[in-house]
């Protein structure tokens with residue numbers, strides 16, 4: 001198979017794969033002789049020859065990969081982690097539930113962690129739903145889900161929601177994309193709200209909360225979430241990530257650094273389709289900075 005896209009219902013077992021591959025399905029027990037394989041789920045024995053790249057992919061239980069390069073978000077099974085050998089993990093990549101075997105080279109700023117599943121990205125753990133809103137302001141309830149959490153250097157499990165002033169921490173999240181959107185190209189949208197300390201408690205929706213959209217450099221632009229949807233939707237001029245192929249599940253590092261003001265920070269995540277529809281979590285991940 002060469003230069004192909006596997007749909008999210010597709011399964012490939014065995015054979016030789018070459019060229020550029022977009023994988024939305026499951027690929028098992030094959031040799032990759034191509035340039036890049038992006039997305040989907042890999043399982044079984046994967047042999048990568050030449051300088052082939054595996055990018056932003058999930059690894060089923062006990063997957064074994066030898067050769068090539070890994071880049072982006074590589075996520076294994078928490079109970080039966082994947083093993084990689086004779087590979088180069090490229091700069092800035094993030095590996096979860098992956099065992100590093102022999103001859104593994106880690107380039108700069110690579111993070112490796114063993115993690116349980118991310119908690120639900122919401123301030124109410126009983127709410128597991130998303131909102132879709134079109135460019136006319138009409139709302140619906142698609143079957144998408146958002147998960148996420150924060151971690152400091154001393155806590156890799158993303159189960160905390162409080163950090164100290166100027167303490168380094170990381171925010172990570174995932175999206176389980178609605179089935180009807182898998183395979184489409186979308187922009188990833190990120191909004192951060194800030195509320196200074198007050199007597200009313202967290203996320204009171206007061207006018208003292210200031211919202212900004214964040215681009216891929218964490219630069220903020222004002223957005224008015226108190227206005228009608230048709231107003232604030234037009235204010236997303238700089239997405240967090242552009243032209244992302246929607247896979248069944250996506251993983252993101254939303255923030256890495258520190259915050260220099262005490263208060264509550266509210267993080268909203270979503271994706272915008274080519275027709276202007278935005279699918280997002282209406283309940284934020286809350287980060288308390290003391």
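A few remarks follow.
- Förster radius 51 Å - calculated FRET efficiency between residue 261 and residue 1, Cβ distance, rounded to 0.05: 0.45
- Each residue, residue 51 and residue 129, gets one label point 7 Å from its Cα in the Cβ direction; the gap between the two is 5.0 nm.
- Additional length obtainable on full extension of the chain from residue 35 to residue 238, 0.36 nm per residue less Cα span: 70.1 nm
- Order of 94, 38 - criterion: other Cβ atoms within 10 Å of each residue's Cβ, fewest first: 38, 94
- Take 5-11, 242-248 and order them by the average number of nearby Cβ atoms within 10 Å per residue, most first; the result is 242-248, 5-11.
- Extension gain (nm, one decimal) between residue 288 and residue 231, 0.36 nm per residue minus Cα-Cα: 17.7 nm
- With contacts taken as Cα pairs under 8 Å at a separation of at least 6 residues, region 5-113 carries a relative contact order of 16 percent.
- Residue of 227, 82, 130 that the Gaussian network model of the chain assigns the largest fluctuation, springs spanning Cα pairs under 10 Å: 227
- Among 133-145, 270-282, the peptide with the highest mean count of other Cβ atoms within 10 Å heads the list, and the full ranking is 270-282, 133-145.
- A helix-only calculation puts the chain at 0 deg cm²/dmol for mean residue ellipticity at 222 nm, using -39500 (n - 2.57) for each DSSP H run of at least four residues, averaged over all residues.
- Put in line by how crowded their Cβ is, counting other Cβ atoms within 10 Å and starting with the fewest, 1, 192 read 1, 192.
- Site pair residue 9 and residue 180 shows an inter-label distance of 1.6 nm when each label is modelled 7 Å from Cα along Cα→Cβ.
Bear in mind that the values in this text are calculations on the coordinates, not laboratory data. A quick note: this is a predicted structure, and the numbers were derived from the prediction, not measured. Virtual Cβ from ideal backbone geometry, glycine too; neighbours counted across all protein chains shown.
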